[in-house]
Amino acid sequence: MARARGYSPFETSPEQDTLLDKIVGHAEATGGEGVGVFDLDGCLFDTRSRQVHIFREFASQTGALDLYAVKTEHFKDWDLGNTMRNAGISEERVQAVVDDLKKFWFDRFFTSAYVRFDHAMPGAVDLVKRCRATGMKIVYLTGRDETMRAGTETALKGFGFPLDGDECRLMVKPDFETDDTEFKDAALRVIADMGEPVLFLDNEPANVNKFMERHPSAMVVFVETDHSPRPDEPHPSLPWLRSFSRHG
């Protein structure tokens, strides 16, 4: 069964503390020659605050003030109608505004300007810093496209993620239309020029499965937040994190 119960930044999966330590230990074991590959949306970054901002901007501009009821916990999937229903908005009202909302949302969500409303997942910065401190090279491999690079770099630096030259780099899609999984699969060849990819964290089942297939000796971790509506399920052998928080 696919693990996709939505964002829970302070919940923990079984043996989560041990797994977080294993990730850093794996980085240490590479002797500084390995590359760690981290996804952004739904992995290192919580995008729900971006979504809330767009809902509230739409509400203010259109007078649909009932949409202010939508909060981060109402985002369980990528269906904006479901999000409104989760906030207690009536089906009649959902049908009245959802088409206009979708267009408004689409024009904003995938832009450099709006990624500044994201928040780093609690504990994510510390984990990446600890990996980097071992000498591991870091790649932020994201389905965001080139038009979102500037805002993404600002967000990474603003929250304190390492982003220092050739050994810590951001890789984005060349354009919006490129399929995320196909892009990430092709990017592995570029990443291999930096060193051996030894660690992958991603919240998309199709991506973690592809990483495991391409690099069976690497440590591949499924981050259980949300994912696209694709039918893929994470391979049952993969370790998984509910969040980057610790029991302690």
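Each value in this text was obtained by applying a stated rule to the coordinates, not by laboratory testing. Small disclaimer: the values here were computed from a predicted structure and weren't measured. Every residue, glycine as well, gets a Cβ built from its backbone with ideal geometry; the counts of neighbours run over all protein chains shown.
How do the peptides 48-57, 155-164 rank, highest first, by the average count of neighbouring beta carbon atoms within 10 Å per residue?
Values: 48-57: 19.7, 155-164: 16.4.
Top of the packing list down: 48-57, 155-164.
How charged is the neighbourhood of E167? Take every other residue with its Cβ under 9 Å from the Cβ of E167, and add Lys/Arg as +1 and Asp/Glu as -1. Don't skip to the answer; put the middle values down first.
Details: positive: R132, K137, R169; negative: D164, D166.
That sum, taken over residues with Cβ under 9 Å, equals +1.
Determine the percent antiparallel among the DSSP beta bridges restricted to the chain, to the nearest 5. Please list the in-between numbers first.
Values: 2 of 23 bridges.
Just about 10 percent of them are antiparallel.
Separation between the Y68 and A150 pseudo-spin-labels, each 7 Å from Cα along Cα→Cβ, expressed in nm?
3.2
Can you list residues whose amide H is under 5 Å from G34's amide H, if they're 5+ apart or on another chain and H is modeled 1.01 Å from N?
K137
Would you report the distance distribution of C-alpha pairs in the chain as whole percents per 10 angstrom bin, up to the bin with the largest distance?
7, 31, 36, 19, 6, 1
Angle check, please: helix 124-133 long axis (alpha carbons) against the longest principal axis of the chain (alpha carbons), in degrees 0 to 90, nearest 10.
20
Going by a ≥ b ≥ c, the root eigenvalues of the Cα gyration tensor, does region 111-248 fall in the rounded group (a/c under 1.5), the prolate group (a/b larger than b/c) or the oblate group?
Working: a/c = 1.21, a/b = 1.10, b/c = 1.10.
Since a/c stays below 1.5, the shape of region 111-248 is classed as rounded.
Once you have the Kirkwood Rh of region 1-81 from its Cα pairs, apply Stokes-Einstein at 10 °C and 1.306 mPa s and quote D in µm²/s. Write out the running numbers ahead of the final one.
Details: Rh = 15.9 Å.
This corresponds to a translational diffusion coefficient of 100 µm²/s.
Want the number for S237 to D179: 0.36 nm per residue separation, take away the alpha-carbon distance, what's left? Display every interim value, and only then the final one.
Numbers: separation 58, 0.36 × 58 = 20.88 nm, distance 2.55 nm.
Between S237 and D179, full extension yields 18.3 nm more.
List the GluC sites (Glu not before Pro) within region 118-192 that DSSP assigns to loop and that have no more than 12 neighbouring Cβ atoms inside 10 Å.
Numbers: sites: E146, E153, E167, E177, E182; in loops: E177.
The qualifying sites are E177.
Order 132-145, 198-211 from most to least packed using the mean count of other Cβ atoms within 10 Å. Intermediate values should be presented prior to the final figure.
Details: 132-145: 21.6, 198-211: 24.3.
With the highest mean Cβ count within 10 Å placed first, the list reads 198-211, 132-145.
Summing Lys, Arg as +1 and Asp, Glu as -1, what charge do residues with Cβ under 13 Å from the Cβ of F75 carry, F75 excluded? Please report the intermediate quantities before stating the final value.
Values: positive: R5, R48, R50, K71, K76, R85; negative: D41, D46, E73, D77, D79, D118, D226.
Neighbour charge sum, excluding F75 itself: -1.
Region 211-248 to region 5-71: how many Å between their Cα centroids?
For region 211-248 versus region 5-71, the Cα centre distance is 13 Å.
Subtract the Cα-Cα distance of M194 and S49 from 0.36 nm times their separation in residues, and report this length gain in nm to one decimal.
On the way: separation 145, 0.36 × 145 = 52.20 nm, distance 3.35 nm.
Contour length minus the Cα-Cα distance gives 48.9 nm.
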